[in-house]
1. For region 179-190, state whether one or more residues are free of Cβ contacts under 8 Å to residues at least 60 places away in the same chain and of a type in the set (S, T, N, Q).
2. Just name the residue that is least open to solvent (accessible area, probe 1.4 Å) out of those in region 397-407 that are assigned to a helix (DSSP H, G or I) and either free of Cβ contacts under 8 Å to residues at least 12 places away in the same chain or closer than 17 Å to I360 by Cβ (or both).
3. Return the residues of region 375-396 that are part of a loop (DSSP other than H, G, I, E, B) and either open to solvent by 40 Å² or more (accessible area, probe 1.4 Å) or in contact with a Cys (Cβ under 8 Å, 6 or more places away or on another chain) (or both); say none if nothing qualifies.
4. Sort out which residues of region 125-145 are open to solvent by 50 Å² or more (accessible area, probe 1.4 Å), over 15 Å from N201 (Cα atoms) and at pLDDT below 85, and write them in order of number.
5. Quick one: is L414 open to solvent by 70 Å² or more (accessible area, probe 1.4 Å) and aliphatic (A, V, I, L, M)?
6. Among the numbered conditions (1) surrounded by 12 or more Cβ atoms within 10 Å (Cβ to Cβ); (2) more than 18 Å from the chain's Cα centre (by Cα); (3) not in a strand (DSSP E or B), tell me where V161 comes up short.
Amino acid sequence: MAKKQEPIGLVDSFSEFKELKNIDKTTMISVLEESFRSVLSKMFGSDENFDVIMNPDKGDCEIYQNLTVVPDGEVSDPNKQISISDAHNDADNPDPDCEVGEDHIKKIDFAKFGRRAILNLRQTLASKILDLQKDAIYTKFKEMEGELITGEVYQTWKREVLLLDEDKNELILPRDQQIPSDNYRKGETIRAVIESVDNKNNNPKIIVSRTSDNFLRRLFELEVPEVHDGLIPIRAVARIPGERAKIAVESYDDRIDPVGACVGVKGARIHGIVRELRNENIDVIPWTNNPQLLIQRALSPARISSIRLNEEEKHAEVFLRPEEVSLAIGKGGLNIKLAMKLTGYQIDVYRDLEEAEDDIYIDEFRDEIEPWIIEALKDLGCATARAVLNTPRELLIEKADLEESTVDEILRILKAEFED
């Protein structure tokens, strides 16, 4: 009776595979077989005439060598041939009926090749496991680009901070991706967004950011359920990290005030985001497809007198009263920089000197002109009485979608104000 082949002592290596995440069983078996074949190829010069059968549940494998039966004394390549006598008397798989020219299957006891062969196998397997882990990490995080992640500060350097996520994967937070006022301590937990993932030389590198516009988007998704559920889409974001940000939102449900929902009762929702961003001031404005109105809202708190727009060149000339200019530009030019980034327009600001002293904001006429008409005029960039009067009558009719009689009445009311 043939002696039963003892399983190769690789249970620990098989167990390692079972603990690996993102590696399916088919891949696991394929890599294990590839490892055995790699070692067999080194030992026998080729693995072409070997069958490797994996038993991952048992933690072992079976190896069979396919040999051609030749007459006694004519074996020229023992790795591919076997004499007829040896085939008849094979201890593990005797085949008394075989004949010259037929194939004989010889069972291989890998453990008998000694400690060096098993060590070689383990090293080969460990290398392939490591490659698999790296591939799995790269694939996982590549699919997560732009998503929010939490990491623990493990090490801080001058140019970057090393974070570890809950699975001990390394995340790199470069200096230029840190909010200027950020100051990290080892063991501290921080949030960031996955900015980019590369796999150069099969070494995954995960870069995270706290200055990205996406970081602000993900924080709103985290703090505002309506944004997370898609009821309030974020249409545009502009940031100067650590200083100020503007975000434009709209609502798919007329019953939901997008700005109010993002700010929360007494600012409860937005305060958490502001704290995370190291007190970065955030302006939330309602989105509109009307570029003139969007520019007006983006330049808030400044009140615009009129706008001259070139949509093809994405250029806007904005006219304001002298006292409003500094508000439009903002401290250090932050407000106008963010407005340009949010709207996608190059914005030039001009003082409306000639008419500033005696001009009147259109809102002052709400007792004589219906509110919806005033809003329609403001959507055209006409925020003051003189801005309306300086706009061609035909343009007011066409762009504001007003009746001729309505436009004539508006012009009469406004002219009367200045005649008086």
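The values are calculated or read from the model by the stated rules, or taken from the named source; none is laboratory data. Computed from a predicted structure; not experimentally measured. Every residue, glycine as well, gets a Cβ built from its backbone with ideal geometry; the counts of neighbours run over all protein chains shown. Calculation scope for accessible area: heavy atoms of the full protein, side chains included, ligands and nucleic acids excluded. Shrake-Rupley method; radii C 1.70, N 1.55, O 1.52, S 1.80 Å.
1. Residues of region 179-190 that are free of Cβ contacts under 8 Å to residues at least 60 places away in the same chain, as a first pass: 183-190.
With of a type in the set (S, T, N, Q) added as a condition, the list becomes 183, 189.
Yes; the residues of region 179-190 include at least one that is free of Cβ contacts under 8 Å to residues at least 60 places away in the same chain and of a type in the set (S, T, N, Q).
2. The initial filter retains those residues of region 397-407 that are assigned to a helix (DSSP H, G or I), namely 397-399, 404-407.
Now drop any that are not either free of Cβ contacts under 8 Å to residues at least 12 places away in the same chain or closer than 17 Å to I360 by Cβ (or both), which leaves 397-398, 404-405.
On the way: I397: 39, E398: 131, E404: 107, S405: 83 Å².
Step by step, filter region 397-407, then rank; the result is I397.
3. N390, T391, P392
4. A126
5. It is false that L414 is open to solvent by 70 Å² or more (accessible area, probe 1.4 Å) and aliphatic (A, V, I, L, M).
6. Just one mismatch for V161, condition (3).
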